[in-house]
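Comments concern the structure below.
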Amino acid sequence: MRITCVGGGPAGLYFAVLAKLADPAHEITVLERNPAGVTYGWGVVFWDDLLDDLYRYDPVSAERISRAACRWDSYEVRATGKAATHLAGYGFSLGRRELLEILAARALELGVDVRFRDEPAEVPAADLVVASDGAGSRIRERYAEHFGAEIEVGRNKYIWLGTPHVFDTFTFGFEQTAAGWIWYHAYPFDAETSTFIVECTPETWSGLGLDELDAARGCARLQEIFAAHLDGRPLIDHRAGTGGTGWLNYRRLTTRRWDHGNVVLMGDAAHTTHFAIGSGTKLAMQDAMALADALAGGDEPAVALERYEHRRKTALAPLQRAAKASSEWFERVPDYTHLPAKQFSYALANRRGEYPMWRYLLHVTTQSAGPRVALRWALSVRRWHRARRRPGLAAAPAVAGRAPEPARTGSGLAAG
Ligand SMILES: Cc1cc2nc3c(=O)[nH]c(=O)nc-3n(C[C@H](O)[C@H](O)[C@H](O)COP(=O)(O)OP(=O)(O)OC[C@H]3O[C@@H](n4cnc5c(N)ncnc54)[C@H](O)[C@@H]3O)c2cc1C
């Protein structure tokens, strides 16, 4: 089969890897408009559930991702006028560029034709065209009426920045300013860099004058606001010097249908989930797994694409609800900031409103160092045990015939 993936993000590259593993006779091309090694964004977070899946589908790339990833083992919450508090949970983070380099190298070594600086003017001719061209998918737009995309625009403003300040762990920081509250989601993703996503209401954004500052001056303003959190290190916006700024409103995208003839949507081209639950990359890669499974099933392509769409829409629904609840909580942050420190961080952890009472008791107990260290130790044993159950490289399974896995959650106690 001749397969072309338009877009070399996590979805397109990982699907190319899995489809080639399933059938080396497939002729697979990935067209990526950016040069090699150039991408947007900083590090992304993920949890054990994605690693489990990656090891089941391709232990070789899973091992490389696991080795390159940064591990963190708790969440810290800081807010002006409140003592720092802690949330139980652990996870991983990895630079987006590094992830793409691992996937591109794996695709190339399997014989996939990965072409950078290649942006097709038309939908390419192939037996199957995978539209993995991200949230602004031109292919989706080309057949807009058929795919039926709906976009809900979030209220808050956000910007995805990086910093050479290496945070100890995943940190949420809330600062009170004269124009209202502004906060960040930050986590280390290698030995030298952290992701630093800043978010605030539109009123605070314009009240702080951020709507009128270019990227460099906007970063300088944010550095002043978050100086106490950055240890004197700068914030970096790749757009500095370009005249633009990276401030955006989150756009929640859903699509009525995912396939049209031989064209199928995947990853952010089909659906987006708010960054506050850190799952877009995971979902894009799980789409790739589901499509690879569906195609390996031996059905007519139309039936396979239908099966893929059904499996993924079913798996996505609970996460999309969680992401919506989470993004709406962040739109109401000013309603919670009067709470004392422990209640405030618990409200943040429970922003999807799904925790039983024991979680609150655990949260309060683990604000003391002794119980917190004990819980962290128990979680690290669990993490180690889970890692041991993953198949080794010698047990690399074929893609064909693998049973779909039910949707699962990450570390169980994860608050992200
Ligand atoms: C602020 C922020 C933080 C995030 N944090 C996380 C996180 O912590 N964890 C997580 O899992 N996810 C996170 N995400 C989401 C994640 O980045 C996306 O969901 C994920 O990258 C989707 O993968 P994709 O392959 O579908 O699309 P993309 O990663 O967007 O890749 C699409 C690719 O297609 C290329 N392309 C586009 N158009 C064309 C064209 N016409 N021709 C050729 N190439 C084209 C683009 O250059 C790009 O390389 C975050 C997103 C944001 C905005």
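Right, residue 221: more than 26 Å from the chain's Cα centre (by Cα), charged (D, E, K, R), modelled with pLDDT of 95 or more and open to solvent by 30 Å² or more (accessible area, probe 1.4 Å) or not?
yes
Identify, by number, the condition in (1) outside any strand (DSSP E or B); (2) within 14 Å of the ligand (Cβ to nearest atom); (3) over 30 Å from residue 18 (Cβ atoms) that residue 206 doesn't meet.
That leaves (2) as the condition not met.
Being charged (D, E, K, R) and within 15 Å of the ligand (Cβ to nearest atom) is true for just one of 127, 133. Which residue is that?
Selected residue: 133, the only one of 127, 133 that is charged (D, E, K, R) and within 15 Å of the ligand (Cβ to nearest atom).
Filter the range 224-268 down to the residues that are open to solvent by less than 40 Å² (accessible area, probe 1.4 Å) and assigned to a strand (DSSP E or B), then identify the one that is nearest to residue 168 (Cα to Cα).
The residue in question is 250.
Name the strands (runs of 3 or more DSSP E) wholly within the range 117-194 that hold at least 3 residues that are open to solvent by 60 Å² or more (accessible area, probe 1.4 Å)?
149-163
Tell me whether the range 87-95 contains one or more residues that are open to solvent by 20 Å² or more (accessible area, probe 1.4 Å), touching a helix residue (DSSP H, G or I) at 6+ places or on another chain (Cβ under 9 Å) and within 16 Å of the ligand (Cβ to nearest atom).
No.
Answer yes or no: is there a residue in the range 269-283 that is among the charged types (D, E, K, R), crowded, with 24+ Cβ neighbours inside 10 Å and within 16 Å of the ligand (Cβ to nearest atom).
Looking through the range 269-283, none of the residues is among the charged types (D, E, K, R), crowded, with 24+ Cβ neighbours inside 10 Å and within 16 Å of the ligand (Cβ to nearest atom).
Out of 125, 83, which single residue is at pLDDT 95 or above and either within 19 Å of residue 31 (Cβ to Cβ) or of a type in the set (Phe, Trp, Tyr) (or both)?
From the options 125, 83, the qualifying one is 125.
Of all helices (runs of 4 or more DSSP H) completely enclosed by the range 309-383, which ones contain at least 2 residues that are aliphatic (A, V, I, L, M) and within 30 Å of residue 249 (Cβ to Cβ)?
By residue number, 341-349.
Checking the condition among the polar types (S, T, N, Q) and either within 22 Å of residue 84 (Cα to Cα) or crowded, with 17+ Cβ neighbours inside 10 Å (or both), which residue from 345, 380 passes?
345
Name every residue in the range 96-129 that is in contact with a helix residue (DSSP H, G or I) (Cβ under 7 Å, 6 or more places away or on another chain) and among the small types (Gly, Ala, Ser), in order of residue number.
104, 107, 111
Considering only residues that are over 30 Å from residue 200 (Cα atoms) and either within 14 Å of the ligand (Cβ to nearest atom) or in contact with a Cys (Cβ under 7 Å, 6 or more places away or on another chain) (or both), which ones fall in the range 144-168?
None - no residue of the range 144-168 is over 30 Å from residue 200 (Cα atoms) and either within 14 Å of the ligand (Cβ to nearest atom) or in contact with a Cys (Cβ under 7 Å, 6 or more places away or on another chain) (or both), so the list stays empty.
Using the structure shown, decide if residue 38 is under 27 Å from residue 5 (Cα atoms), modelled with pLDDT of 95 or more, over 16 Å from the mean Cα position of the chain (by Cα) and within 13 Å of the ligand (Cβ to nearest atom).
No; evaluated as a whole, the condition is false for this residue.
So, residue 59, is that one within 21 Å of the chain's Cα centre (by Cα) and either away from the ligand (no atom under 16 Å from the Cβ) or open to solvent by less than 50 Å² (accessible area, probe 1.4 Å) (or both) or not?
Yes: the conditions hold for residue 59.
Every residue in the range 1-37 that is assigned to a loop (DSSP other than H, G, I, E, B) and more than 24 Å from residue 279 (Cβ to Cβ), please.
Correct list: 1, 23, 24, 25, 26, 33, 35, 36, 37.
Quick test of your reading of the structure: residue 67 fulfils all but one of (1) more than 28 Å from residue 124 (Cβ to Cβ); (2) within 11 Å of the ligand (Cβ to nearest atom); (3) open to solvent by 20 Å² or more (accessible area, probe 1.4 Å). Name the failing condition by number.
Condition (2) is where residue 67 drops out.
Any residue that is aliphatic (A, V, I, L, M), within 12 Å of the ligand (Cβ to nearest atom) and within 15 Å of the chain's Cα centre (by Cα) - is there at least one of those in the range 3-21?
Yes, the conditions are met somewhere in the range 3-21.
Which pairs turn up if I take residues in the range 134-145 that are farther than 15 Å from residue 254 by Cβ and look for partners that are of a type outside the set (A, V, I, L, M) and within 7 Å of the ligand (Cβ to nearest atom) with beta carbon separation below 8 Å, at least 6 apart in sequence or on another chain?
Close Cβ pairs (under 8 Å, with a partner that is of a type outside the set (A, V, I, L, M) and within 7 Å of the ligand (Cβ to nearest atom)) amount to 134/7; 134/9; 134/267; 134/268; 139/133.
The values are calculated or read from the model by the stated rules, or taken from the named source; none is laboratory data. For clarity, every value in this text was computed on a predicted model and none was experimentally measured. For neighbour counting, all protein chains shown are included, and Cβ atoms are generated from backbone atoms with ideal geometry for every residue, glycine included. Surface areas here come from the heavy atoms of the whole protein model, side chains and all, with no ligands, DNA or RNA. Shrake-Rupley method; radii C 1.70, N 1.55, O 1.52, S 1.80 Å.
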